[in-house]
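Q: I am attaching a structure below and will ask some questions about it afterwards.
The values are calculated or read from the model by the stated rules, or taken from the named source; none is laboratory data. Treat the numbers as computed from the prediction; the structure is a model and nothing was measured. Don't worry about glycine lacking a Cβ; one is built from the backbone with ideal geometry, like all the others, and counts go over all protein chains shown.
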């Protein structure tokens, strides 16, 4: 047993088990917060897509009647969808940094199959696809 393992073993014997429980509760709270952000961002991106399609139909009708002010009518939908995509990236980075800190406090390694992380990456990809099809579709 090397010196670092011996120090860790002694620290674990002296440590209060309530600290590990507090870290576990904080990890679960961080996961709940991440999932709430994902739910909010899905709503924001879906609303952006709906507004984009609604404004596109309205704009097309105004173009036919000659009452359109601008040539392009889906700026609001693009703003909402792009801000949702940017927000999920920022929230995911914050989540990863928080999990890294909490896992370091607990002395464990991060799981690669973390559901919050997988869902965040999936929503980010969907956001980029939505933006692509809103621009070019």
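Q: Across the range 78-102, which residue is surrounded by the most Cβ atoms within 10 Å (Cβ to Cβ) among those that are in contact (Cβ under 8 Å) with a residue 40 or more places away in the chain and more than 12 Å from the chain's Cα centre (by Cα)?
A: Residue satisfying both the conditions and the ranking: 81.
Q: Follow-up question, since we're still on this one. Taking the stated definitions as given, is residue 58 farther than 20 Å from residue 26 by Cα and within 18 Å of the chain's Cα centre (by Cα)? Break it down stepwise before answering.
A: Numbers: farther than 20 Å from residue 26 by Cα: yes; within 18 Å of the chain's Cα centre (by Cα): no.
No; evaluated as a whole, the condition is false for this residue.
Q: Considering only the range 7-23, I want to know if a residue exists there that is over 26 Å from residue 132 (Cα atoms), surrounded by 14 or more Cβ atoms within 10 Å (Cβ to Cβ), at pLDDT below 90 and within 23 Å of the chain's Cα centre (by Cα).
A: Checked the range 7-23: at least one residue is over 26 Å from residue 132 (Cα atoms), surrounded by 14 or more Cβ atoms within 10 Å (Cβ to Cβ), at pLDDT below 90 and within 23 Å of the chain's Cα centre (by Cα).
Q: Turning to a different aspect of this structure: State yes or no: is residue 26 in a helix (DSSP H, G or I), out of contact with any strand residue (DSSP E or B) (no Cβ under 7 Å at 6 or more places or on another chain), modelled with pLDDT of 75 or more and over 24 Å from residue 111 (Cα atoms)? Let's see the steps before the verdict.
A: Values: in a helix (DSSP H, G or I): yes; out of contact with any strand residue (DSSP E or B) (no Cβ under 7 Å at 6 or more places or on another chain): yes; modelled with pLDDT of 75 or more: yes; over 24 Å from residue 111 (Cα atoms): no.
Taking the combined requirement at face value, the residue does not satisfy it.
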